[in-house]
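Worksheet: one structure, shown below.
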Amino acid sequence: MLQFLTRMKDSSGGFRLHEGGEMDVRGCYTAIAVAHILGILTPTITYKVNEFVVSCQTYEGGIGGEPGAEAHGGYTFCGLAALILTNQMEGLDLPSLLKWAAKRQGKVEGGFQGRTNKLVDGCYSFWQGGIFPLIQHVIPRLVSQLPVFRNHLLHPADENDVLHMCCKVKTCLESKKTGFVHDNSINSCISGEEDEGTSEPNIQITRTRIEGKESPPIMSAETLFPLKFHGSYQNITDAQQHSTDCFSKEDEQTKHGAAQGLSTFNQDSCFVRPFFNTQALQAYVLICCQVLEGGLIDKPGKPRDFYHTCYCLSGLSTAQHPTWLQAEACPSESDVLGPSCNLLEPTHPLCNVHFERYLEARSFFNDLSL
Amino acid sequence: MQVGVEDDDGDRWIPFSERSEWSDVQPVPQDDGPYPVVSIAYTSQFRETMDYFRAVLARDERSDRSLELTEEAIHMNAGNYTVWHFRRLVLESLGKDLWKELYFIQDVAKSNHKNYQLWHHRRWVAEKLGVAVAPEELRFTELVLASDAKNYHAWSHRQWVLKALGGWEAELSFCSMLLQEDIYNNSAWNQRFFVIKNSPLLEGLDSMRESEVEYCINAIKLAPLNESSWTYLRGLFGNDTKSLGDSQSIGQVCFEELARDRCCIPALSFLLDLVCYGFQPTVDDCKILDSSIEILSSLQLALYLCERLEVVDAIRACYWAWRRSLLPAIIK
């Protein structure tokens, strides 16, 4: 197997799918995932994978099949997974990748599209949905890539008003440590209230009417599965400490550069919230992607096939187990839509096999090599 | 298609065992091992064709009859990469006219326009034919794109042709034409970026940035909710976030769109990014977002935008909430 994979290796860092075959990001991923499970991820195999995959990241933030090709869900998953498996994350713009992936979830359908302005498809439940647990796994590196935010006072258009403005700002800053404007006349989306328990303000998100334009309620995933915020934002430094404890040793080098703000935390259980609407995705798969006779599909009206059955289910599992922090550890929290009998077994975020089977295989091949 | 049934041309399919020109060949059955699982129920026609293919493959017979056999096998299963690979070996050994091979590929493409093996084969043929085939390849991909303007393989092939064989002259206008037909065609926007960045006939991204920004802004005005044009606009600046943050005109594009539609999600999102890159609008600009509140700092503006997006782009509320949670912490 190692010889075969080595023959498929290209000097660019990519892999051909077969002898004399095409070379794209799928090849990288499949070769590397197999090598990883078999415990034969040698330097020859991993050589320059980073260069190849990074060269496939587009201006949109997602990854294409080949350098220059359009950002695409399937290739994005493959590229990101390949880099995580080989621990070669340098040069990949993670913030723009996350933003691109988050924008691929359809507000009406709840499922994911493969590319911008295309229709959603059940199989992207895994290819796109599966990106988010991977991102969670490398969040310190992502945060280290965020631009430094410089806070500025905004000027009025009218220079004569400057004095008036300065007085106002001074008053505001004195009334609130965080610099939020807290004024009774404000009809703002931000309402800051002191929490009795902590010294930091407990910021609750309230849904207020947007002045002027209010969209009429329509039957859409967005309105049917609103995200509920239960917890408070914990003190940021505590959040950082917890997160850095969670992350694997490979991220050691990125911890130093990591800024404080990380995922949002619930004060009680430190549940890390996923980046996408997991309920809406589950709904799309369960309600729109099942066929009465059994099997799953792209979208209503399409015929069933094994590919869509596999990836709709993989995506459903991912939506139910969306967070993955520690390498080799099973995704922890589950978030099932509907009765608990809907809950699937967790799938391994990188290899998309049943987590238990993955551990067995790794252990088996590890023992073989000893 | 079963034995005895007519194909599209009205010809009855003749089993290989009845073809005199194949009488010397012993067919090789598929080896599924001693304990086959999920055995495929092949038709007898399929099974026999592949049995004969395995035979010529085993003896590495590079002949005209082998070539015809690969054609039959491909029509039965265009996904069999072993057959395509062997076909390439035969074509090479026999020194066949590869211009004719293009016709074969086009014929197979009619019902297999999203088949990886087909497109890889086309690339192989085109590479052999060299620069002279570039116009034909651009014509072929244009034909495919005419019935599916987002065919991923067609676009990949087109990009490969341009880089390997040239033909850049009309590519930017090709993109413009497609965008005129459908301004939401993200593949065409991607191609535009590809051309700007790679065409040896153009001056490169930095030189063309100004004109492309103008093109983009017009596209935004035409379809303010079209994600493609906003993303392209961001893409034009790459890592040069300073220029983006410093640009008053680009910031104004956001406010203009928000004045027309306060829930314009791409504009809100873009404005958020601009603020994170250092863009400083005026207090009055911010009144466009909400006339009842006073936004006095860029942090406050960024927080407000995240809050707004959590509501109007609710499917992504988690993402926007996470963006918001970062802001006070990454502030300098």
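What follows draws every value from the coordinates through simple rules; no lab data is involved. Not measured: the values here are computed from a predicted model. Neighbour counts run over all protein chains shown; Cβ positions are idealised from the backbone, glycine included.
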Review point. Once a ≥ b ≥ c are taken as the square roots of the eigenvalues of the Cα gyration tensor of segment B:237-332, is the result rounded (a/c under 1.5), prolate (a/b larger than b/c) or oblate (a/b not larger than b/c)?
Key: rounded
Check your understanding: So what's the Cα pair-distance distribution over segment B:105-176, bin width 5 Å, in %?
Key -> 3, 17, 32, 28, 15, 6, 0
Check your understanding: Between A:Y307 and A:T42, 0.36 nm times their residue separation minus their Cα-Cα distance comes to what?
Key -> 92.4 nm
Review point. Modelled label-to-label distance, A:D367 and B:Y103, 7 Å Cα→beta-carbon offset: nm?
Key: 6.2 nm
Check your understanding: D for segment A:1-70, whole µm²/s, Stokes-Einstein with Kirkwood Rh over alpha-carbon pairs at 20 °C and 1.002 mPa s: what number?
Key -> 177 µm²/s
Check your understanding: Considering the zone a paramagnetic label at B:A149 would reach in this model (a point 7 Å from Cα along the Cα-to-Cβ line), which residues of segment B:163-184 have amide N under 13 Å from it?
Key -> B:174-184
Practice item. Quick one: check the C-alpha center-to-center distance for segment A:280-307 versus segment A:1-74, whole angstrom. Key: 30 Å
Practice item. Compute the Rg to Rh ratio over segment A:271-370 from the alpha carbon atoms, using the Kirkwood formula for Rh, and round to two decimal places. Key: 1.04
Practice item. List the equivalent ellipsoid semi-axes of segment A:1-137 in whole Å, largest first, each obtained as the square root of 5λ for an eigenvalue λ of the Cα gyration tensor. Key: 26, 14, 14
Practice item. Compare the peptides A:9-16, B:202-209, A:21-28, A:336-343 by average per-residue count of other Cβ atoms within 10 angstrom and give them in order, highest first. Key: A:21-28, A:9-16, B:202-209, A:336-343
Point to revise | About the Cα centre, charge dipole magnitude for segment B:237-332 (Lys/Arg +1, Asp/Glu -1 at Cβ), debye | key: 280 debye
Exercise for review: Starting from the Cα of A:S11, step 7 Å along the direction of its Cβ; do the same at B:E18; then give the gap between the two resulting points in nm.
Suggested key: 5.3 nm
Exercise for review: Please report how far the C-alpha centroid of segment B:175-197 lies from that of segment A:89-161, rounded to the nearest whole angstrom.
Suggested key: 22 Å
Check your understanding: About its Cα centre, how strong a charge dipole does segment B:1-96 have in debye, to the nearest 20, once Lys and Arg get +1 and Asp and Glu get -1 at the Cβ?
Key -> 360 debye
Practice item. Within 10 Å of each Cβ in peptide A:66-76, how many partner chain Cβ atoms are there on average? Round it to a whole number, please. Key: 5
**Study point:** Within 10 Å of each Cβ in B:190-203, the average number of Cβ atoms from other chains
**Key:** 2
Check your understanding: Can you give the alpha-carbon Rg of segment B:87-135 over 2.2 N^0.38 Å, where N counts its residues?
Key -> 1.11
Exercise for review: Calculate the mean, over all residues of peptide A:102-115, of how many other protein chain Cβ atoms lie within 10 angstrom of the residue's Cβ.
Suggested key: 3
Review point. Between the helical axis of B:186-198 and the dominant principal axis of chain B, each derived from Cα atoms, what acute angle in degrees is found, rounded to the nearest 10?
Key: 90 degrees
Exercise for review: Please report, in whole Å, how far the alpha carbons of chain B spread along each principal axis, starting with the longest.
Suggested key: 90, 49, 38
Check your understanding: Can you count the Lys pairs in segment B:96-242 with C-alpha separation below 21 Å, eight or more apart or on different chains?
Key -> 10
Check your understanding: In a shell of Cβ-Cβ distance under 10 Å around A:H321, excluding A:H321 itself, what net charge do Lys and Arg (+1) and Asp and Glu (-1) give?
Key -> -3
Review point. Rounded if a/c is under 1.5, else prolate if a/b beats b/c, else oblate: with a ≥ b ≥ c from the C-alpha gyration tensor eigenvalues square-rooted, which is segment A:269-308?
Key: prolate
Check your understanding: On full extension of the chain, what length is gained from B:L201 through B:Q26, given 0.36 nm per residue of separation minus the C-alpha to C-alpha distance?
Key -> 57.3 nm
Study note, to complete from the structure: Here the FRET efficiency for A:R357 versus B:E127, based on Cβ atoms and R0 = 35 Å and rounded to 0.05, is 0.25
**Study point:** Degrees, to the nearest 10: B:134-147 long Cα axis against longest axis of chain B
**Key:** 70 degrees
Review point. What does the helix-only formula give at 222 nm for chain B: each DSSP H stretch with n ≥ 4 adding -39500 (n - 2.57), the total divided by the residues, and the result rounded to the nearest 500 deg cm²/dmol?
Key: -20000 deg cm²/dmol
Exercise for review: Between B:K114 and B:R47, take the C-beta separation as r, use R0 = 22 Å, and let me know the FRET efficiency to the nearest 0.05.
Suggested key: 0.25
Check your understanding: Across segment B:1-96, how large is the tail of the calculated P(r) beyond 23 Å, expressed as a percent of all Cα pairs?
Key -> 26 percent
